[in-house]
1. Evaluate the Kirkwood expression for the hydrodynamic radius of the chain, namely the inverse of the mean inverse distance over all pairs of different C-alpha atoms, and round to one decimal in Å.
2. Specify, per residue and in Å³, the volume enclosed by the convex hull of the alpha carbon atoms belonging to region 128-259.
3. Which ³J(HN,Hα) values, rounded to whole Hz and listed in residue order, are derived for region 258-273 from phi using the Karplus coefficients 6.51, -1.76 and 1.60 in 6.51 cos²θ - 1.76 cosθ + 1.60 with θ = phi - 60°, glycine and proline given as x?
4. Would you mind getting the Kirkwood hydrodynamic radius of region 54-212 from its Cα pairs, rounded to one decimal in Å?
5. Evaluate the charge dipole of region 2-273 about its Cα centre and quote only its size in Debye, nearest 20, assuming +1 on the Cβ of each Lys and Arg and -1 on the Cβ of each Asp and Glu.
6. If the cut-off is 14 Å between C-alpha atoms, which aspartates and glutamates fall inside it for LYS16, apart from same-chain ones fewer than 8 positions away?
7. Can you spot the lysines whose alpha carbon is less than 28 Å from LYS176's alpha carbon? Ignore those fewer than 8 places along the same chain.
8. Would you mind working out the accessible area per residue for the chain, using a 1.4 Å probe, and quoting it in Å²?
Amino acid sequence: MAVQVLGSGGPELQDKRASTSYLIWDHGSVLVVVDAGGGSALRFGESGAHMSQVDVVLFSHFHVDHSSDFPALIFSSWFEDRKRPLPVFGPPGNEFMPSTTEFVRDLFSEPHGAWRHLSELADPGSAGSYKLEPHSVVAGPVPVPVFRNSEISVYAVRVIHGVFPALAWRVEVGGKRIVFSGDTNGEGDGLTRLALDADLFVAHNAVPERATGVERRLHMPPSVIGTIAANAHVKRLVLSHRMLRTLGKEDETQAEIRRSYSGPIAFANDLDCFPLQ
Ligand SMILES: [Zn+2]
């Protein structure tokens, strides 16, 4: 079992990284896709994954760097032999972002979807294809169960990412707990609750310690990542969503995290795999 980082970058293209996306592998098959930022569809292919294997897609939120390659994944799936529905979970909407159900409809549904040539996937009653099953997840600071099958259980909490509706995700598989912070400024205790005793905690290293203003309202600095990782007793910390403002500052970032968290820390690169024994 492993978590694979498909995209370890943020929105910037100059970082030579795909934007945010993660896979959870088990027994040679991909069970979960978390986010699908730009460039991650190419990485998905490079990883050897197939969309027909995926049990569930989880979105942290709908900024471009977390969602723009979703249509590419879906169009690829069109050429595979997938029969069962594909559940897609993400946040509810507000005036700044679509809900998850709106997002899928705006992409694929008749009559106005941008890629309505794939409406068979999105619109009930149309024959000939598997169906996308989008759900908008209303969550608070206490983890809520969102999805379960014979292999995985999925939980979410709401996290604060400026004015944008956002979720953090926990996937439990084979007795392991894997937690994805998504983009958040770390406010409140929901993420700590979700990450409690996590075997792997993927947190976003989008801003340096001294970030202020909008940057700080949207993202958590290293000291906050360290405090959450320590309070939640996470067993391993992976830093992703690396941006030009944090790349090259790894020593400083690690030192800030080390003030509270003493477990192993890794800085992710595209296609890195983190096994869970
Ligand atoms: Zn982001």
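The values are calculated or read from the model by the stated rules, or taken from the named source; none is laboratory data. Since the model is a prediction, treat every value here as computed from it, not as a measurement. No Cβ is skipped: glycine too gets one built from the backbone with ideal geometry, and neighbour counts run over all protein chains shown. Protein only, heavy atoms only, side chains kept; ligands, DNA and RNA dropped before computing areas. Shrake-Rupley method; radii C 1.70, N 1.55, O 1.52, S 1.80 Å.
1. On the way: mean 1/r = 0.0540 Å⁻¹.
Computed over the chain, the radius equals 18.5 Å.
2. Values: hull volume 17.7 nm³, N = 132.
About 134 Å³ per residue, rounded to a whole number.
3. Here the 3J(HN,Hα) series is 5, 4, 10, 10, 10, x, x, 10, 10, 9, 7, 10, 3, 6, 4, 10 Hz.
4. Details: mean 1/r = 0.0602 Å⁻¹.
The Cα-based Kirkwood calculation yields 16.6 Å.
5. The dipole of region 2-273 has a size of about 480 debye.
6. Partners found: ASP65, ASP270.
7. LYS235
8. Values: 11240 Å² over 277 residues.
With all protein chains present, the chain gives 41 Å² per residue.
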